[in-house]
Every structure is written in C-alpha cells, then in structure tokens.
Amino acid sequence: MTELIERRQAVKYELTTNFRSCPQIVAFANAFAKTISKRLKTDDIIPHHTTPYHLKLVSYQSRHLIEPLVRDLLATDLSGTVCVLVKPTKSAQITYLLLQHGIPAKLIQSNDGFPLQNLLEVRYFMDALAPHSVTIAPEDWENAKRAVYEKFRFSPKFEIVLNLVKDFQEINPKTKYVSDFQSFVRESKIEDFYRQESDTIFVSTIHKGKSTVSLTMFS
C-alpha cells in the first residue's frame, strides 16, 4: 500500500470515526497504535460515543491465564451485558469454568463458511413454509412457526430460528415476499441471532466480538 501511494501518487483517505467503542477504549487503542512501526494510518481515531466507561488493565504474572481471569470475573460485581473476548483455543475452556462456578455463560462459536440456511432448524422452517407464490400467505407463515416450535422448541438452536423469524417479521410486518425472506436468510449469519441476556457472560473470539457494555479482553 505504501508503494502504491509513493509510486502512483495515490490519495489516502483515513476513516477516523469509531461508532462502536467508548472514549476510553478508543484512547487506549490510539496509544497502542503509536507503538506500531511503519503504520499506514497516522491520524488518531475519534469516538462517536461520548458516554464514559471504566477501562481496567490487568497484568498477570502467570503464563496460565485462564483460571486467574475466571477468578477475576467471579470477584467482580458485573452488571449489564458482559463479553469476554479470547483467542479461539481458549473460549471453550473459559466458558466451561464459568459454568462450573454457576455463572451463566454462552459460547459464541465461529460459524464462518456455514450457511445459515443449512442449520437444521432453519431448513425445517423453510421447508414447512414451502411457499408456492411470490408472497407468503399469513396462514402459511403461522403454520411454519407452529411446526418448527413443535419440532425444535427444546433444541439449543431454537433461539436462532425464533429470532430470525421475529427479525424478519419486524422488517416486513405486512407483506412478506418469498425472495426477500430467502435473501434475508442467505445474507445473515448465525451470530446475528444470538440475543443479549441479562446476567449471562458471552464468550467470543476477538474476531467475532461485537460492541458490548462491559468488556474483558484476554490475549
């Protein structure tokens, strides 16, 4: 990229507004970025949100950091939405330890390359829907909802198809087109339909992590 700018005299535009994180996270990221040599981006990031939050940095002396992290979580008075961002190899272990200590935890697994429409619960709903026209008749939509409920209401993945249906209904409260629903499923990901639950700690990889109210980072 540097060679492209220098040799072709390309114009560089930097996107500097952060719409996701609180000011403290952005300030920390800016300070860390200054330690990176030969960095293409030079301007500081500017936070869009102005509400301040608490940022705590913890340095552990041990090379085995999973148990100290879990102990720190257990000792902290957490409220609101909490997410622990970890390396992929650590996520299952941390989730297991939290559950062992009686703390509700949910592992947000990576599903890259797995089409949402191939999830059994979603496929069953689409098959039960079986539209034969351009639009989906209200009675067909309701029948498909009842069918998937009867079949999968005890499935751990039922939440995903339930939230998928709810989201599509909110976007299309009146007329529901078959092509719109197919595109909605095709363009969505499984992670899009996990819902924030109070008192539940979400464990996710840094790559999969999204904006949260309370955040613990583990590297």
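Things worth noting here:
- Residue in the stretch 49-56 that is assigned by TED's automatic domain parsing to the domain that holds Leu97, charged (D, E, K, R) and under 30 Å from Ile103 (Cβ atoms) present: no
- Scope the stretch 161-195; condition β-branched (Val, Ile, Thr) and at pLDDT 85 or above; matching residues: Val161, Val165, Ile171, Thr175, Val178, Val185
- Qualifying residue in the stretch 30-41 (condition: surrounded by 12 or more Cβ atoms within 10 Å (Cβ to Cβ), free of Cβ contacts under 8 Å to residues at least 24 places away in the same chain and more than 30 Å from Ser188 (Cβ to Cβ)): yes
- Inter-residue pairs, beta-carbon under 9 Å, first without any contact (Cβ under 8 Å) to a residue 60 or more places away in the chain and farther than 19 Å from Thr16 by Cβ and in the stretch 42-56, second among the polar types (S, T, N, Q) and not in a loop (DSSP other than H, G, I, E, B), 6+ apart: Pro52/Gln24; His54/Gln24; His54/Ser214; Leu55/Gln24; Lys56/Thr216
- All of (1) polar (S, T, N, Q); (2) over 24 Å from Leu73 (Cβ atoms); (3) touching a Pro at 6+ places or on another chain (Cβ under 7 Å) hold for Thr42 with one exception: (3).
- Ser91 more than 18 Å from the chain's Cα centre (by Cα) and among the small types (Gly, Ala, Ser): no
- When residues of the stretch 60-111 are limited to those that are part of a loop (DSSP other than H, G, I, E, B) and of a type in the set (Ser, Thr, Tyr), the one modelled with the lowest pLDDT: Ser110
- Take the conditions (1) surrounded by 11 or more Cβ atoms within 10 Å (Cβ to Cβ); (2) within 18 Å of the chain's Cα centre (by Cα); (3) over 20 Å from Ser179 (Cβ atoms); Leu116 misses just one of them, which is (3).
- Residue count, the stretch 152-168 (criterion: part of a helix (DSSP H, G or I), out of contact with any Lys or Arg (no Cβ under 8 Å at 6 or more places or on another chain) and not aliphatic (A, V, I, L, M)): 4
- Candidate set: the stretch 149-166, residues that are under 22 Å from Ser133 (Cα atoms) and in contact (Cβ under 8 Å) with a residue 12 or more places away in the chain; chosen: the one surrounded by the fewest Cβ atoms within 10 Å (Cβ to Cβ): Val165
The values are calculated or read from the model by the stated rules, or taken from the named source; none is laboratory data. Because the structure is predicted, anything quoted here is derived from the model rather than measured. With ideal geometry, Cβ positions are generated from the backbone for all residues, glycine too; neighbour counts draw on all protein chains shown.
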